[in-house]
């Protein structure tokens, strides 16, 4: 399967948002997920800058409208249509531990 088109470049999270959300504060209502993807080429991992970015969960006062960061990321990654003949490495940093359902 050939690789799909690269997604558009995404801005990096600003320093203040990163420090606030990754400093282990209690009772934050947002989860940030930062990610980067590398591809194996000639026994070296090559960073793919077009697959580097961040996202956050979708909060809502209504439970049925809430979305966790992990499934949002998995859907985004599936949309990239990466070449299944190549090897990739995905690194993810998340501001909160996943809930039991997302950890399975």
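Tabulated values for the structure
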| read-out | value |
| --- | --- |
| Residue in segment 43-61 that is modelled with pLDDT of 70 or more, within 17 Å of residue 94 (Cα to Cα), touching a strand residue (DSSP E or B) at 6+ places or on another chain (Cβ under 7 Å) and assigned to a loop (DSSP other than H, G, I, E, B) present | yes |
| Per-region count, segment 68-104, residues in a loop (DSSP other than H, G, I, E, B) and either surrounded by fewer than 16 Cβ atoms within 10 Å (Cβ to Cβ) or at pLDDT below 90 (or both) | 13 |
| Filtered residues of segment 28-42 (kept if modelled with pLDDT under 75 and either within 17 Å of the chain's Cα centre (by Cα) or more than 21 Å from residue 71 (Cα to Cα) (or both)) | none |
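The values are calculated or read from the model by the stated rules, or taken from the named source; none is laboratory data. Given the structure is predicted, the values throughout are model-derived calculations rather than measurements. Backbone-built Cβ (ideal geometry, glycine too); neighbour counts: all protein chains shown.
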